[in-house]
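Everything on this sheet refers to the single structure shown next.
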Amino acid sequence: MQKFLIFVVVLILFLSCGTYRAVPVSDLVPISHANEIKELSASLEKVVNAGGNHYRKKAIVSQLEEFGLKEHTVSERIDWLSLQKNVVVNIQGKSDSLIYVVAHYDKTDINPLKFVSVLLNGLLDPLISWSYTSQGAIDNATGVSVALQLSKSLSKKENHYSFRILFSGSEESGLRGSRSHVARLKPEEFNLIKFVINIDVVGVKDKPNCVYMLSDDDLEKEALKIAEQAHLELGLGSMPAGASSDYLPFKSMSLGLDFARSFAYNLTGSFLPQRSYFTQKKSTKVVNFSSCEFLDVGDTVGGFTLLPLGAIHGFRDNIKKVDPIKLLEMYQLLKFFIQENEKRAGA
């Protein structure tokens, strides 16, 4: 038993060290997209190589500074009992009407220590995230890299809508980052939101990107139509039972709902003081993009055994699973999606 424990510790240390590079890009990629792929890959690698969740946040801030967005960027505390922070980028348009782009940056492993941390609303994450076997590459450095690239492109244009890009923390601890952010929004500010785009696990090798059936069929149909016109592969998916992401607090929020979600995610943690409990009833349109059917039997087994065996939340989530072309396609689709809404607003 002692030898087995030593082996596990050595394995964790080994997997936690080193730097990682994305899968090589095919020579068939058009030259016009080469720079976009290069920047998407650079952002992905910077977040993956940062280490624990605190340093992943710092990597995002650093990349935003490189993109010239320092003056547009602020950090916000998530909760009174949380050391993680959200990173928020505000890009003002002609109108105060807001389009949100959301991607969580934190990674996690399924293991007993993480389970204890979840019961404390993620309080232990900064102390244990360095040891995770997961690189957090597909979940969710992929979404972060796309959101970073959108931040850059939107800041270079004169937009009709204002855009807010939320890089949320503590998603893996019960959607803590997005829940506290939505709770902070006063009704008059929340009512300015046109819709919310959530990006979580995209660009996975051998899996098409999907738009998921959630609350607004028009947004999903629009995404599918744009993908068809642009000759981009996009499937239509539905969330697995029990799964969720940061679109949920935007889709519907109230004190009762928030406490119920906290109890479902964090059990004992729901009885700790939480900023998000101080909220009013809110609801807006959301659209979620993730890879199609990215979970498998390993995720089910891992959930029951508290071992990191799944496609995400364990050692199988690594940068080799990312397809740079599919990552580019996700970015292009969202760029076209936003452009279409901009075009209609300016008509």
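Derivation of every value follows stated rules applied to the coordinates shown; laboratory data play no part. Everything quoted here is computed from the prediction, not taken from an experiment. Positions of Cβ are generated from backbone atoms using ideal geometry, with glycine treated the same way; all protein chains shown enter the neighbour counts.
Things to note:
- Across the chain, Cα pairs under 8 Å and at least six residues apart give a relative contact order of 24 percent.
- Summing charges over neighbours of Leu192, with a neighbour being any other residue whose Cβ is under 15 Å away from its Cβ, gives +4 when K and R count +1 and D and E count -1.
- With an a/c value of 1.5 or above and a/b not larger than b/c for the gyration tensor axes a ≥ b ≥ c computed over the alpha-carbon atoms, the chain is described as oblate.
- With neighbour counts taken as other beta-carbon atoms within 10 Å, the residues Glu39, Glu171 rank, fewest first, as Glu39, Glu171.
- Phi angles of segment 181-187 translate, via the Karplus equation with coefficients 6.51, -1.76, 1.60 and θ = phi - 60°, into HN-Hα couplings of 5, 5, 4, 5, 6, 5, x Hz per residue; Gly and Pro are given as x.
- Applying 1/(1 + (r/R0)^6) with r as the Cβ-Cβ distance of Gln280 and Leu236 and R0 = 45 angstrom yields a FRET efficiency of 0.85.
- Rounded to the nearest 5, the antiparallel percentage of DSSP beta bridges internal to the chain is 45%.
- Ordering of 128-140, 189-201 by burial proxy (mean other Cβ atoms within 10 Å per residue, highest first): 128-140, 189-201
- Look at the Cα gyration tensor of segment 103-201: its axes a ≥ b ≥ c give a/c of at least 1.5 with a/b at or below b/c, and that counts as oblate.
- Segment Leu306-Leu120, length gained on full extension (0.36 nm per residue, minus Cα span): 65.3 nm
- Overall form of segment 213-269 per C-alpha gyration tensor (a/c, 1.5; a/b vs b/c): prolate
- Ordering of 261-274, 287-300 by packing [mean C-beta count within 10 Å, highest first]: 287-300, 261-274
- With the simple spin-label model, which puts each label point 7 Å out from Cα in the Cβ direction, the Phe263 to Trp130 separation comes to 3.8 nm.
- Think of segment 101-168 as a dipole: +1 on every Lys or Arg Cβ, -1 on every Asp or Glu Cβ, centred on the Cα centre; then among Gly122, Gln135, Val101, Val101 lies furthest on the positive end.
- Per-peptide average of other Cβ atoms within 10 Å, ordering 312-325, 90-103 highest first: 312-325, 90-103
- Using θ = phi - 60° and Karplus 6.51 cos²θ - 1.76 cosθ + 1.60, couplings along segment 153-167 (whole Hz; Gly, Pro as x): 5, 5, 6, 8, 10, 9, 9, 6, 7, 8, 10, 10, 9, 10, 9
- Inter-probe distance in nm under a simple model that places probes 7 Å from Cα toward Cβ, at Glu158 and Val88: 2.8 nm
- When shorter helices are ignored and each DSSP H run of at least 4 residues is given -39500 (n - 2.57), the per-residue value for the chain at 222 nm works out to -13000 deg cm²/dmol.
- Pair Trp80, Lys186: separation of 7 Å Cα→Cβ label points (nm): 2.2 nm
- Within the shell of other residues whose beta carbon sits under 9 angstrom from the beta carbon of Val204, the net charge comes to +2, with Lys and Arg scored +1 and Asp and Glu -1.
- Sites Glu228 and Arg344 - FRET efficiency at Förster radius 25 Å, r taken between beta-carbons, to 0.05: 0.85
- Amide H to amide H, with H built 1.01 Å from N, Val286 comes under 5 Å of Val196, Ser215, Asp216, counting only residues 5 or more places away or on other chains.
- For Val322, the amide hydrogen comes within under 5 Å of the amide hydrogens of Val23, Lys205, counting only partners 5 or more places away or on other chains and with H modelled in the peptide plane.
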